[in-house]
1. Rounded to the nearest 20 debye, what is the charge dipole size of the chain about its Cα centre when +1 sits on each Lys and Arg Cβ and -1 on each Asp and Glu Cβ?
2. Can you work out the Karplus-derived ³J(HN,Hα) for every residue in region 98-105? Use 6.51 cos²θ - 1.76 cosθ + 1.60 with θ = phi - 60°, whole Hz, and x for glycine or proline.
3. Would you list SER174, SER74 from fewest to most Cβ contacts within 10 Å?
4. Per-residue ellipticity at 222 nm for the chain, helices alone: DSSP H runs ≥ 4 residues times -39500 (n - 2.57), over residue total, nearest 500 deg cm²/dmol?
5. Considering the Cα trace of region 92-172, what is its radius of gyration and what is Dmax, both in angstroms?
6. Roughly how many Å is it from the Cα centre of region 128-188 to that of region 17-90, as a whole number?
7. Evaluate the distance, in nm, between pseudo-label points positioned 7 Å from the Cα of GLU114 and of ALA29 along their respective Cα→Cβ axes.
8. How high is the relative contact order of the chain, given as a whole-number percent (alpha carbon pairs under 8 Å, six or more residues apart)?
Amino acid sequence: MPFTIAIDGPAASGKGTIARALASEFGFAHLDTGLLYRAVGAKGGDPVATAQGLEPEDLLRDDLRSAEAGQAASRVASIPEVRAALLAFQRKFARTEPGAVLDGRDIGTVICPEAEVKLYVVANYETRAARRAAELGADPAEMLAQIRERDARDAVRDVAPMKQADDAVLIDTSHLSIEEAVAKAVATVRTRLAR
Ligand SMILES: Nc1ncnc2c1ncn2[C@@H]1O[C@H](COP(=O)(O)OP(=O)(O)O)[C@@H](O)[C@H]1O
Ligand SMILES: Nc1ccn([C@@H]2O[C@H](COP(=O)(O)OP(=O)(O)O)[C@@H](O)[C@H]2O)c(=O)n1
């Protein structure tokens with residue numbers, strides 16, 4: 001049976017950083033599910049048709065990490081048919097042997113409700129805006145406004161809203177270094193593996 005790790009949380013909280021580190025530590029595959037929504041938003045056209053016809057090379061565009069692509073992703077992500085079109089691929093990926101790490105907004109709640117480990121990664125707004133601004137070379141105040149807008153949209157949508165699963169372990173990275181945050185996540189996974 002494959003081992004699935006589900007990581008959710010708001011924008012720029014450190015999900016991807018932890019997901020990549022866990023995948024490397026345990027030899028698991030990693031899927032950044034936000035890239036799927038970013039690719040749909042960036043490609044344009046009718047979002048439902050774009051999601052239904054998404055190709056692997058669409059995920060290789062070099063502009064998907066931009067703030068604009070993040071905003072476009074969050075808009076198409078509220079369309080139920082877009083989410084439905086991306087569901088089967090994510091569920092199949094989650095069954096990769098010997099294990100898979102998926103990070104996004106609805107992994108522990110909708111995509112992989114049976115995941116062996118669920119993490120919900122958060123950090124305060126100022127910290128997230130500062131980290132994303134440093135990453136993109138952007139203005140922190142502008143990043144703060146965009147992150148607030150995106151979080152609000154992601155949390156209130158009707159389908160698969162961003163929220164902590166009841167059985168998810170909360171990791172607040174606001175005052176943790178990357179090493180400290182990763183160590184907490186690794187310890188959580190090791191405890192579950194030892195059961
Ligand atoms: N604990 C941390 N301390 C400092 N910087 C961090 C920490 N976690 C992540 N970062 C940095 O913050 C930015 C956003 O992290 P990322 O993992 O991409 O978040 P997410 O996947 O939640 O959007 C990246 O530049 C990353 O290197
Ligand atoms: N599983 C997911 C992943 C992302 N998304 C959407 O895609 C957008 C971009 O996600 P992301 O994970 O790449 O964003 P960051 O947290 O890296 O800034 C989010 O704001 C959500 O609207 C989603 O709805 N469900």
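Each reported figure results from applying straightforward, stated rules to the coordinates on display, with no laboratory input. Predicted, not measured: the structure shown is a model, and the values here were computed from it. Backbone-built Cβ (ideal geometry, glycine too); neighbour counts: all protein chains shown.
1. On the way: 25 positive and 29 negative charges, 69 e Å.
Rounded to the nearest 20 debye, it is 340 debye.
2. Whole-Hz 3J(HN,Hα) from phi for region 98-105: x, x, 9, 10, 10, 10, x, 10.
3. Ordered from fewest to most neighbouring Cβ atoms within 10 Å, SER174, SER74 come out as SER174, SER74.
4. The helix-only estimate for the chain comes to -16000 deg cm²/dmol at 222 nm.
5. Gyration radius and largest Cα-Cα distance of region 92-172: 14.7, 42 Å.
6. One Cα centre to the other: 17 Å.
7. Taking the simple label geometry, GLU114 and ALA29 are separated by 1.7 nm.
8. Computed over the chain, the figure is 34 percent.
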